[in-house]
Structures are given as structure tokens and as C-alpha cells.
Amino acid sequence: MTSQIIPVEPFDFIIFGGTGDLSERKLLPALYHRQRDHQFSEPTRIIGTSRAKLDDKEFQDFARKAIAEHVQKEYIDKDELEKFIGRLSYLPADATTGAGFDKLKKEIGNSKSIRAFYLAVTPALFGDIAGQLKAHDMITADSRIVVEKPIGRSLASAGDLNDKIGSVFGEHQIFRIDHYLGKETVQNLMALRFANALYQPLWNSAHIDHVQITVAETVGLEDRVTYYDTAGALRDMVQNHMLQLLCLVAMEPPSSMDANAVRDEKLKVLRSLKRINGQEAPKSTVRGQYRAGASAGGAVKGYLEELGRKDSTTETFVALKAEIGNWRWAGVPFYLRTGKRLATRVSEIVIEFKPVPYNIFGESAGNVMPNQLVIRLQPDEGVKQYIMIKDPGPGGMRLRQIPLDMSFAQSFDGRSPDAYERLIMDVIRGNQTLFMRRDEVEAAWTWVDPILNAWAENSQEAQGYTAGTWGPSASIALIERDGRTWHESN
């Protein structure tokens, strides 16, 4: 089974931060893959801009190197690569002074193509860039602006950023990107829930015991030292990625796949989350910070050593118990955990159903384990339904739990597009379904802010955990005191 490639209209794709890490690792390779799959219509142009003083050839060389390093060799087609490189141009520009924006306007010209301004820069520049685009009259009815997280550090700062961008662009033109929503398995969660009659009658508190969402990384700070120490795991992962995943699990069926119909339902979930206040935070949340240990077969430094400082209160791990105050999910806890330098790189959602009400098989048959639905986002994208069966062979009834396994790699031919490929094409199409609306962002901060405040008021410290483990022991206690256990990823 192969995917269908539908070409998009001609567009001009302007990357602010064109020589940065995101452009190198994700944006340019993603655009190359769309070129290789013949998804572009003519004339389509890609314009890089940043403060770096490069010319077209130097930017094209930068792009060649990025593709060589971040695209598998089997997918590099020399002819398509040359066509892609031919689309690239570069102009230096400084958003704080406006230098270079006149030349950028001239480069774009009077093109009637869709204009997508991708802000792969620090959020501190979002307002400046939007203002310069307006001042230089570069915004058309078919323009879009794409902004990366973090959208603020709190509800107040998120509101300020949204005000600055919203004063220039209409909400229908603003694409707040969360690459997790572009993952194939995340979108298949929607299909699994709403295109199959099997699960929908069971998708409620009468049948589901609890939900686990895990986003675990084995890496440390890498090149994000400055940003990460001012953010931490709660701001970096929970406020956006993990709450979006929670919304997709918990939302009511939308009336259609229209962007606002979907986002309206997600917003209802965010507004139904029970607040974790100062008294609840120590019982419902765990903060951690990794110490020296072993990862990927070798010794690794602790967070403070990587940071190059003697102290920091920033958490690199967070686990929490969230509850949704509505009829469908009353009494069903959602356990979230995320962290760096953990035992395994994995992102997955586990739906654990309630156990059978009575075991008719007796102790000799073994334990009857609850059914689980496991949605693996990365690596090895797929869906597993764990069920109980009889162990084959004579000698009585012996039960064992096995997964019904659907692997994307085995079920579909060819490569699965990267999340950025899908999301960039949705930007060009003007489809905002997989992007966050302003009120979603601010509702998420409304829930996260009290947790941050509670940590500060209670002086809730980040507990140490050894790199290469699953985080602080308190995170195990968080779930086990409810008689449950974290799903063992394998």
C-alpha cells in the first residue's frame, strides 16, 4: 500500500533563520523530500534569510550539506536534488533593524504565489519579524506565518507574543507548529477512534482504567543549553506536545475534520483539566534532574556538568497525574512522563482497559491481564492491541498476553514522510487542523502556570536520577500508589 501524492499550488517559502539548526536538520530535508515526490508546482521558490552574510551559492552549498547529512543516501536523487537546489536563494536580513528587508521584498517581487514565512528563530524575534513584514508591505491575502514553540514561558508572555503576531496577521494566517501532530501515528489515532466502530463504545470511564503518555529521550542537552535551562521539561514538552496528545485521546468526536471543529473539541479538553494547585502539586507531580550515568553504551555526564554550572533548579524530567473533569473521563487518571537521558527513546500512548470482572479460569491458568492499546509514535511507528489468549499445547488452560501488532513499516510500502513534510504542505494548503489555535495555547498555559507556581511556592526540588534509568523513584511511586504501573517499553 502506497501513499498518494497530491501537488500543491506554487509558493514562496521564506525561512527566517535559514542557516540555523532547524533549517539544516528538518526544513531543508523536508522540502527536498517533497521535491523528490513531485509535490511542487511551478514556480516554487525557497528563500533563506538570516543575519549571516552569505550569497546564493553559499546557501545552496549549506543546503547540499544538510541534505547529505540528514537524508538517507537511498533517497538522494541527483536530478531532483539539482532541481531543488535551483529553487534556493538567500538574502541577509536583520529583523531588529530592518536591514535587508527592502532587498527581500524585491526578491519576492509581485509574485501571486502563496507566501509562507517560516520563523525558525528565537520567539523574541517573532514580533520584530512580523512588524518588518508589515512595514515593508510584504503580506498578501495568501500569506501565512509559521511559528515554532515555545509560544511564551507563561500565560502572560504567550498572550503578549500572540498579540504581537496577531496585530499583523489574521488568526487564519497563523500556523503555530507542533511537529508531534504531524506524526503519522498521531493522525492515525484520529482514524483509529473515529473511523472504527470497535473502540468508540469503549472509549470512556466505564471501560478504560487509565491512560499513560510517555515521551522519553536518551539524549542530554545537545545544542540547546541556553534555551533548555530557562525552560525545563514542563514548558518544553508538557505544555505543548504532551497536552496535544492528551487532547487527541480525550476529545469528543468533532462534527467534521474541519480545522476549527477539531480544535474546538481539543479546547474543551484543555478547559476541563482539573487544576493542580499548591496543595496538590507534591502529590500529583514529580520533578527530576539527571545525574552522571550510562547511555547508548557509554558513560555520560550529569545535567550540571553538561551545563557547566554548579547549580540549577531546572527539571529534565517530569511526571504528573492529570484528571479531566467531564462525564466521559471522570475518575480516569492520565499519567504523563517525559525526560532526557532516560532508558529508552520512545514516545507512546497506552490506553489500559479495566480488567474482566471475574476470572473463571482459576489460579492455575495464570493472571488475566487487562487489555491494552499501545500507540507507538516513535521509533517503529505502529499500534498494538494486547489481548489474552490460551497458550498453545496440552495440559490444561494456561493464559498469556500477546499483542496484535500493526507496524507501519510492514504494512505500507516506501518511506513514511517526516512530520515536517506533512505540516509544511498543510501550511501551503492553508489547512490548520494540525496547528494550534491561540485559545488552545493559552488554555494549556492556564493549566501549566499553577503547577509552575506551586513548584516555586513549595520549593519542590528536582530529584536526582541516574542517566540511563526511567527517572526518579518518586515517579514510580506516583503511579504505583494508585495500584498501577508504568508500561514497560520494548
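The values are calculated or read from the model by the stated rules, or taken from the named source; none is laboratory data. This is a predicted model, so every value here is computed, not measured. Please note: Cβ atoms are built from the backbone with ideal geometry, for glycine as well, and neighbour counts cover all protein chains shown. Side chains included, ligands, DNA and RNA excluded: accessible areas come from the protein's heavy atoms. Shrake-Rupley method; radii C 1.70, N 1.55, O 1.52, S 1.80 Å.
Roughly how many percent of the accessible protein surface of the chain is carbon and sulfur, given a 1.4 Å probe and a whole-percent answer?
Numbers: 11110 of 21870 Å².
Accessible surface attributable to carbon and sulfur in the chain totals 51 percent.
With just the Cα atoms defining each centre, how far is region 236-280 from region 451-475? Give it in Å.
So the separation of the two Cα centres works out to 24 Å.
Show me the chymotrypsin sites (Phe, Trp or Tyr not before Pro) within region 343-408 that DSSP assigns to loop and that have at most 13 other Cβ atoms within 10 Å of their Cβ. Working shown, then result.
Details: sites: Phe353, Tyr358, Phe361, Tyr386, Phe408; in loops: Tyr358, Phe361.
For chymotrypsin sites (Phe, Trp or Tyr not before Pro) across region 343-408 that sit outside H, G, I, E and B with at most 13 neighbouring Cβ atoms in 10 Å, the list reads Tyr358.
Tell me, what ³J(HN,Hα) does each residue in region 293-303 have, in order and in whole Hz, if you take phi through Karplus 6.51 cos²θ - 1.76 cosθ + 1.60 with θ = phi - 60° and put x for Gly and Pro?
x, 10, 8, 6, x, x, 6, 10, 6, x, 4
Cut-off 16 Å, label point 7 angstrom out along Cα-to-Cβ of Lys105: give me the residues of region 125-163 whose amide nitrogen falls inside.
Inside the label zone: 129-141.
If you plug each phi of region 174-189 into the Karplus form 6.51 cos²θ - 1.76 cosθ + 1.60 with θ = phi - 60°, what whole-Hz ³J(HN,Hα) values come out, in order, with x for Gly and Pro?
Those phi angles translate into 9, 10, 8, 8, 10, 4, 4, 6, x, 5, 4, 5, 5, 5, 5, 4 Hz.
Indicate, rounded to the nearest 5 percent, the antiparallel portion of the DSSP beta bridges found entirely in the chain. Kindly include the intermediate steps, with their values, before the conclusion.
Working: 43 of 78 bridges.
Expressed as a percentage, antiparallel bridges in the chain total about 55.
Which aspartates and glutamates, if any, have their Cα less than 14 Å from the Cα of Lys321, not counting same-chain residues under 8 positions apart?
Filter leaves Asp209, Glu280, Glu480, Asp482.
Multiply the residue gap between Thr96 and Glu80 by 0.36 nm, knock off their C-alpha separation, and tell me the result in nm, one decimal place.
On the way: separation 16, 0.36 × 16 = 5.76 nm, distance 3.63 nm.
That works out to 2.1 nm of additional length.
Report the full-extension gain for the segment Glu9 to Thr344: residue separation times 0.36 nm, less the Cα-Cα distance, to one decimal in nm.
Numbers: separation 335, 0.36 × 335 = 120.60 nm, distance 4.09 nm.
Between Glu9 and Thr344, full extension yields 116.5 nm more.
I need the calculated FRET efficiency for the pair Gln401 and Glu222, taking r as the beta carbon distance and R₀ as 45 Å, to the nearest 0.05.
Values: r = 37 Å, r/R0 = 0.83.
For Gln401 and Glu222, the calculated efficiency is 0.75.
If each of Ala296 and His38 carries a label point 7 Å out from its Cα toward its Cβ, how far apart are those two points in nm?
With each label point 7 Å from Cα toward Cβ, the separation is 3.8 nm.
Around Asp178, which amide H atoms from residues at least 5 apart in sequence, or from another chain, sit under 5 Å from its own amide H, with H modelled in the peptide plane?
Met436
Treat each spin label as a single point 7 Å out from the Cα along the C-beta direction, and report the Glu461 to Glu58 distance in nm.
4.9
Work out how much length Thr446 to Arg484 would gain on full extension: take 0.36 nm times their residue separation and subtract the Cα-Cα distance, in nm to one decimal.
Details: separation 38, 0.36 × 38 = 13.68 nm, distance 2.84 nm.
Using 0.36 nm per residue and subtracting the Cα-Cα distance, I get 10.8 nm.
Take the Cβ-Cβ distance between Arg51 and Asp163 as r, set R0 to 30 Å, and report the resulting FRET efficiency rounded to the nearest 0.05.
0.75
Output wanted: per-residue J couplings in Hz (rounded whole) for region 253-269, from phi through Karplus 6.51 cos²θ - 1.76 cosθ + 1.60, θ = phi - 60°, x for Gly and Pro.
Per-residue couplings from phi come out as x, x, 5, 6, 8, 4, 3, 6, 5, 5, 6, 4, 5, 5, 4, 4, 5 Hz.
What spacing in nm lies between the two simple spin-label points modelled at Ile476 and Met138, each 7 Å away from Cα in the Cβ direction?
5.4
For the chain, what does -39500 (n - 2.57) per DSSP helix run (n ≥ 4), summed and divided by total residues, give at 222 nm, in deg cm²/dmol to the nearest 500? Intermediate values should be presented prior to the final figure.
Values: 16 runs with 156 residues, N = 490.
Estimated from H runs of four or more residues: -9500 deg cm²/dmol.
Bin all alpha-carbon pair distances of region 121-230 at 5 Å intervals from 0 and give each bin's fraction as a whole percent.
That works out to 2, 8, 13, 15, 13, 12, 13, 11, 7, 3, 1, 0, in percent per bin.
Can you tell me the FRET efficiency between Asn196 and Asp311 if r is taken as the Cβ-Cβ distance and R0 is 41 Å, rounded to the nearest 0.05?
Working: r = 51 Å, r/R0 = 1.25.
Here the calculated transfer efficiency is 0.20.
Determine the alpha carbon to alpha carbon distance for each of Lys283/Lys354; Lys57/Lys83; Lys57/Lys78 and list only those over 19 Å.
Values: Lys283/Lys354 24 Å; Lys57/Lys83 14 Å; Lys57/Lys78 17 Å.
Long pairs (Cα-Cα over 19 Å): Lys283/Lys354.
What is region 367-490 by shape, rounded, prolate or oblate, if you read a ≥ b ≥ c off the alpha carbon gyration tensor as root eigenvalues and call it rounded for a/c under 1.5, prolate for a/b larger than b/c, and oblate otherwise?
On the way: a/c = 2.49, a/b = 1.18, b/c = 2.11.
Oblate, because a/c is 1.5 or more while a/b does not exceed b/c.
Can you give the local net charge around Met138? Use residues other than it whose beta-carbon is closer than 9 angstrom to its beta-carbon, Lys and Arg +1, Asp and Glu -1. Please report the intermediate quantities before stating the final value.
On the way: positive: Lys105, Arg115, Lys134; negative: Asp137.
Here the count lands on +2.
I need the shape label for the chain. Rule: rounded when a/c is under 1.5, else prolate if a/b > b/c, else oblate, with a, b, c from the alpha carbon gyration tensor. Spell out each step's value before the answer.
On the way: a/c = 1.77, a/b = 1.52, b/c = 1.16.
It comes out prolate by the Cα gyration axes.
So which trypsin sites (Lys or Arg not before Pro) in region 288-361 are both in a DSSP loop and have at most 12 other Cβ atoms within 10 Å of their Cβ? Walk me through the numbers on the way to the answer.
Numbers: sites: Arg291, Lys301, Arg309, Lys310, Lys321, Arg328, Arg337, Lys340, Arg341, Arg345; in loops: Lys301, Arg309, Lys310, Arg328, Lys340, Arg341, Arg345.
Filter output for region 288-361: Arg309, Lys310.
As I understand it, the value is the acute angle between the Cα axis of helix 419-429 and the longest principal axis of the Cα atoms of the chain; what does it come to in degrees, rounded to 10?
In the chain, helix 419-429 runs at an angle near 50 degrees to the longest axis.
Under 5 Å between amide H atoms, partner at least 5 residues away or on a different chain: which partners does Lys354 have, H built in plane at 1.01 Å?
Close amide H contacts, sequence-distant or interchain: Ile208, Asp209.
Would you please give the residues with an amide H less than 5 Å from that of Gln463, counting only those at least 5 places away or on a separate chain, with H modeled from the backbone geometry?
Result for Gln463 returns Arg287, Gly288, Gln289.
Nearest 10 degrees is fine. How inclined is helix 155-166 to the longest principal axis of the chain, computing both from alpha carbons?
Approximately 40 degrees, to the nearest ten.
Please report, in debye to the nearest 20, how large the charge dipole of the chain is about its Cα centre when each Lys and Arg carries +1 at its beta carbon and each Asp and Glu carries -1 there. Intermediate results must be reported in sequence, preceding the final value.
Working: 60 positive and 64 negative charges, 94 e Å.
That gives a dipole near 440 debye.
Cross-link partners among lysines for Lys134, C-alpha distance below 26 Å, same-chain residues fewer than 8 apart left out?
Candidates past the 8-residue exclusion: Lys53, Lys103, Lys105, Lys106, Lys112, Lys149, Lys164.
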